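A.B. asks: My questions all concern the structure below.
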Amino acid sequence: MQQTITFDLDLIHRYDKAGPRYTSYPTAVQFHQGFDEAAYREQAQNSNAIPKPLSLYVHVPFCDTLCFYCACNKVATKNRSLAGPYLAALHQEIAFQSALFNPERPVTQLHWGGGTPTFLSHQEMGELMQGIKTHFLVLNDDTGEYSIEIDPRETQSDTVAFLRELGFNRMSLGVQDFNPKVQKAVNRIQSVEQTFAVLEAARREGFKSISIDLIYGLPHQNVDSFAHTLDQILAVKPERLSVFNYAHLPTLFKPQRRINEADLPHSSEKLAILQHTINQLTDAGYVYIGMDHFALPDDELAIAQRNGSLYRNFQGYSTHADCDLIGLGITSIGKVGDSYSQNVKTLEEYYAQIEGQHIPVFRGVALTADDKLRREVITQLICHFSLDIPAIEKQYQIDFKAYFAVEWTELEILQNDGLLVRHEDRIDILPAGRLLVRNICL
């Protein structure tokens, strides 16, 4: 497939409306508390009938410093001792969860996110990984996709080597912006030197892929300032970049109330930053994977997209489509069997559930046949910008154009606008439609 995009400002303005990021379908807003621990246990048990590999997501919610833009579930604190009770509960949940699954199911994907996983001491991280290895079949041959989110400010000189020793082979580095004025406005002071020291250490230690996260739309950003940050990053050529759009929602996320709205770039400036960023990355040889993600052509995500095996879940784009995902820790989301589930969101609720010997699931959804069909269609479009209609018809035993009669008609408008082409046997999203893929999926 062609991994190219076209920035069409008129189309972007015309289709500019909020929509889900489709890390799941149904999306998290459709989760309900009628799906409880008993429902989760049943799905887990049923999943052992056809034992897929496992993917584990571990949430470490603690951060030393509060970033004002952040919309994640986190606990900002200088008190490192708070991690102790949480880890004790997390070790118990790992044991509870592992008892539900066939012990021979290998963990082919593992991700620690947060928060800041490196908020933990080396001893705590080592014990946590050992706990996972005790209860799950973690691969020891470096073939798994084992990744961790890193705040470069929360590393010591030997942290990267230690993480590699634990088994991690991929990392995501939070940067957002190197401009000092922007950093001060969002309360994230982080030097170029300390960031690239971590990246260089990861390469020395043999990490297979390094991703850098950026955010555009933050206070005081403009095209030139953001381009300068990007130039500095391109000089070290990370395998992947994520360039996220900042959504200012202070009524929903309290930390954002500390951001002065008058300092935020105008929507036209944000679009100009995005356009310039796309051009910079394209000129530097990166390909657009989709939904804010870029990668070098020889990165495994780009390769998976070309060969049709790319997948998307709550951890973003992945090369592992055939896993049951187990969420561990507060607010974690899992995908087990024909369901999605989410753990409780506060430390107090989490501790109470674990103390009561419960899997701490508080809501979720069991997928219907229609949900699974629509999820597959959305996944194919978001990951590959193309849909093989006969393959969908065969897999789900439907007449595609009859089943999606309303949607097929609605796509004519998008086709006339140059976003996609409807063929008899497939739908292809054109370069001008790829930045708008989630709008196409709505």
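The values are calculated or read from the model by the stated rules, or taken from the named source; none is laboratory data. All of these numbers come straight from a predicted model, not from anything done at the bench. Positions of Cβ are backbone-derived with ideal geometry, glycine not excepted, and every protein chain shown enters the neighbour counts.
A.B. asks: If you check every pair at least six apart or on different chains, which have Cβ atoms under 8 Å apart with a residue in the stretch 328-351 that is basic (Lys, Arg) first and a residue that is part of a loop (DSSP other than H, G, I, E, B) second?
C.D. replies: 335/24; 335/314; 345/73; 345/330; 345/331
A.B. asks: Also, quick follow-up: Out of the stretch 260-275, which residues are over 30 Å from residue 313 (Cβ atoms), surrounded by 14 or more Cβ atoms within 10 Å (Cβ to Cβ) and not acidic (Asp, Glu)?
C.D. replies: The answer is 264, 265, 272.
A.B. asks: Okay, next question. Need a quick list: helices (runs of 4 or more DSSP H) entirely within the stretch 380-442 having at least 1 residues that are within 25 Å of the chain's Cα centre (by Cα). Can you show your working first?
C.D. replies: Numbers: elements: 389-396, 400-403, 405-416, 437-441.
Hits in the stretch 380-442: 437-441.
A.B. asks: Now for a separate question. Among the listed residues 82, 110, 100, which satisfies the condition of being out of contact with any Asp or Glu (no Cβ under 8 Å at 6 or more places or on another chain), assigned by TED's automatic domain parsing to the domain that holds residue 60 and closer than 19 Å to residue 343 by Cα?
C.D. replies: Values: 82 fails: closer than 19 Å to residue 343 by Cα; 110 fails: out of contact with any Asp or Glu (no Cβ under 8 Å at 6 or more places or on another chain).
The unique qualifying residue is 100.
A.B. asks: Out of the stretch 1-22, which residues are at pLDDT below 85 and surrounded by fewer than 18 Cβ atoms within 10 Å (Cβ to Cβ)? Can you show your working first?
C.D. replies: Of the residues in the stretch 1-22, the ones at pLDDT below 85 are 1-4, 13, 15-22.
Within the stretch 1-22, 1, 2, 4, 13, 16, 17, 18, 19, 20, 21 qualify.
A.B. asks: State whether one or more residues within the stretch 180-199 are among the small types (Gly, Ala, Ser) and closer than 21 Å to residue 435 by Cβ.
C.D. replies: Step one: list which residues in the stretch 180-199 are among the small types (Gly, Ala, Ser), which gives 185, 191, 197.
Next, only the ones that are closer than 21 Å to residue 435 by Cβ stay: none.
Among the residues of the stretch 180-199, not one is among the small types (Gly, Ala, Ser) and closer than 21 Å to residue 435 by Cβ, which makes the answer no.
A.B. asks: If I ask for residues that are touching a residue at least 24 places away in the same chain (Cβ under 8 Å) and of a type in the set (Val, Ile, Thr), which ones from the stretch 420-440 would you list?
C.D. replies: Once the filter is applied, which keeps residues that are touching a residue at least 24 places away in the same chain (Cβ under 8 Å) and of a type in the set (Val, Ile, Thr), the stretch 420-440 yields 427, 429, 437, 440.
A.B. asks: Identify the residue in the stretch 283-301 that is without any contact (Cβ under 8 Å) to a residue 60 or more places away in the chain and surrounded by 14 or more Cβ atoms within 10 Å (Cβ to Cβ) and, among all such residues, is farthest from the chain's Cα centre (by Cα).
C.D. replies: That would be 284.
A.B. asks: Something else about it: Tell me whether the stretch 38-49 contains one or more residues that are assigned to a strand (DSSP E or B) and in the same structural domain as residue 139 (by TED's automatic domain parsing). Please lay out each step first, then the result.
C.D. replies: Kept after step one, since they are assigned to a strand (DSSP E or B), are these residues of the stretch 38-49: none.
Checked against the condition, which is being assigned to a strand (DSSP E or B) and in the same structural domain as residue 139 (by TED's automatic domain parsing), the stretch 38-49 yields no hits at all.
A.B. asks: Something else: I'd like to know if the stretch 198-205 contains one or more residues that are touching a Pro at 6+ places or on another chain (Cβ under 8 Å), of a type in the set (Gly, Ala, Ser) and not in a loop (DSSP other than H, G, I, E, B).
C.D. replies: Taking the stretch 198-205 and keeping what is touching a Pro at 6+ places or on another chain (Cβ under 8 Å), we get 198-199.
Next, only the ones that are of a type in the set (Gly, Ala, Ser) stay: none.
Among the residues of the stretch 198-205, not one is touching a Pro at 6+ places or on another chain (Cβ under 8 Å), of a type in the set (Gly, Ala, Ser) and not in a loop (DSSP other than H, G, I, E, B), which makes the answer no.
A.B. asks: Okay, moving on. Name the residues in the stretch 206-228 that are outside any helix (DSSP H, G or I) and farther than 17 Å from residue 241 by Cβ, would you? Break it down stepwise before answering.
C.D. replies: Looking only at the stretch 206-228, we keep the residues that are outside any helix (DSSP H, G or I), and these are 206-222.
206, 219, 220, 222 - these are the residues of the stretch 206-228 that are outside any helix (DSSP H, G or I) and farther than 17 Å from residue 241 by Cβ.
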